[in-house]
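A quick write-up on the structure given underneath.
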Amino acid sequence: MKRIAGMLLVVLAVAGVLWADGALSINGAGATFPYPMYSKWFDEYHKKNANIAINYQSIGSGGGIKQVTEGTVDFGASDVTMNDEQLKAYQDKHGTGILHFPTVLGAVVPTYNIASVEASLNFTPEALAGIFLGKITKWNDPAIADANKGAKLPAEDIVVVHRAEASGTTFIWTDYLSKVSEEWKNTVGAGPAPKWPVGLGGKGNEGVTGTIKNTPNSIGYVELIYAESNKIPYGSVKNASGVFVKPSLSAVSAAAAGAAKAMPDDFRVSITNAPGKDSYPISSFTWLLIPQKFSDAAKRDAIKGFLKWALADGQNYAETLSYAKLPKEVVAKEVKAINKIE
């Protein structure tokens with residue numbers, strides 16, 4: 001009996017090794033903006049599909065585009081869509097295209113550390129552009145004070161904090177500033193790694209959040225969940241309709257509503273400074289960058305399975321992590337686009 005039990009243990013051990021060898025590991029890298037969402041998704045998907053492990057490095061959108069183009073990861077992630085030049089570079093290297101799949105929506109928020117201010121501040125587009133251009137340098141400047149009657153704004157220098165690396169969160173922020181400020185558009189422009197006129201650099205949403213927490217009188221921009229989870233204040237922004245809107249899921253959804261009806265087939269779209277009195281103006285989709293053709297059929301099928309899950313059951317996790325669900329019209333369009341993955 002003991003011998004049979006021992007043989008059974010050996011068989012089970014061998015089976016365990018064979019199962020481990022058969023486990024599928026998929027690697028991705030990119031945006032920090034959706035990292036809390038993706039971390040939750042990949043964990044939940046693994047619970048339902050124990051033989052599939054999706055590993056993700058939160059390195060910034062620029063890094064995600066670079067690594068997926070170089071072929072060092074199976075997929076990338078970005079808060080900024082690849083431009084025509086980047087798409088061509090991918091096509092030239094791999095002989096096939098890359099697809100954009102929006103996953104959730106989020107808000108980039110102005111967050112700050114001012115000891116004398118407890119209330120949420122209001123920011124006009126002119127104030128935000130002026131601060132990040134280095135032209136508004138004191139917290140009690142009228143450009144800020146006039147929109148915040150009663151707030152105890154100090155006569156202290158403003159310390160600007162921005163991302164240190166190429167970042168989709170930065171693209172969203174600078175895309176917005178380029179739409180509301182001609183000076184910003186003409187001198188700095190929209191991009192993931194602009195030449196900043198002023199400020200300190202922090203790596204990732206995590207680094208910017210940490211720098212703001214540790215730097216009195218600072219201001220920066222982070223994804224909403226990073227401000228909320230770190231309990232640092234964030235302000236309302238005056239939108240295209242002239243209304244100060246506090247970042248919220250409903251305000252992000254309002255910004256996405258118009259884009260949903262006119263979503264292009266490649267899903268490359270910007271929704272910053274969206275019309276509508278309820279729209280939060282610094283909102284954006286975030287995208288997974290999926291190769292159109294896989295040499296490994298098992299990885300292809302696993303990624304297609306994950307995408308179908310993320311667009312259905314996965315959306316139910318979004319709001320608890322301060323992301324907005326995708327509009328139904330966008331989901332329907334994406335489900336069809338999954339068939340393009342070969």
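The values are calculated or read from the model by the stated rules, or taken from the named source; none is laboratory data. For clarity, every value in this text was computed on a predicted model and none was experimentally measured. Backbone-built Cβ (ideal geometry, glycine too); neighbour counts: all protein chains shown. The area values use the complete protein model at the heavy-atom level, side chains included, leaving out ligands, DNA and RNA. Shrake-Rupley method; radii C 1.70, N 1.55, O 1.52, S 1.80 Å.
Overview of results
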quantity	calculated
Any hit, segment 132-148, residues being within 23 Å of I59 (Cα to Cα), open to solvent by 40 Å² or more (accessible area, probe 1.4 Å) and either outside any loop (DSSP other than H, G, I, E, B) or out of contact with any strand residue (DSSP E or B) (no Cβ under 6 Å at 6 or more places or on another chain) (or both)	no
Test for D74: is it over 22 Å from I225 (Cβ atoms), of a type in the set (D, E, K, R), at pLDDT 95 or above and open to solvent by 20 Å² or more (accessible area, probe 1.4 Å)	yes
Yes/no for R300 being modelled with pLDDT of 95 or more and over 18 Å from the mean Cα position of the chain (by Cα)	yes
Filter result (closer than 24 Å to A337 by Cα, of a type outside the set (A, V, I, L, M, F, W, C) and surrounded by 17 or more Cβ atoms within 10 Å (Cβ to Cβ)) within segment 266-281	R268, S270
Count - residues of segment 284-303 that are surrounded by fewer than 17 Cβ atoms within 10 Å (Cβ to Cβ) and part of a helix (DSSP H, G or I)	3
Residue within segment 265-278 that is more than 30 Å from L128 (Cα to Cα), among the hydroxyl-bearing types (S, T, Y) and assigned to a loop (DSSP other than H, G, I, E, B) present	no
Qualifying residue in segment 257-270 (condition: in contact with a strand residue (DSSP E or B) (Cβ under 6 Å, 6 or more places away or on another chain) and among the β-branched types (V, I, T))	no
Segment 188-233, residues that are under 26 Å from E319 (Cα atoms), open to solvent by 60 Å² or more (accessible area, probe 1.4 Å) and outside any helix (DSSP H, G or I)	K203, K231
Selection within segment 112-131 - surrounded by fewer than 19 Cβ atoms within 10 Å (Cβ to Cβ), among the polar types (S, T, N, Q) and in contact (Cβ under 8 Å) with a residue 40 or more places away in the chain	S120, T124
Identity of the residue in segment 149-163, more than 17 Å from T174 (Cα to Cα) and of a type in the set (K, R), that ends up surrounded by the most Cβ atoms within 10 Å (Cβ to Cβ)	K152
Hey, V245 touching a residue at least 40 places away in the same chain (Cβ under 8 Å), buried (at least 24 other Cβ atoms within 10 Å of the Cβ), under 18 Å from S284 (Cβ atoms) and hydrophobic (A, V, I, L, M, F, W, C) or not	no
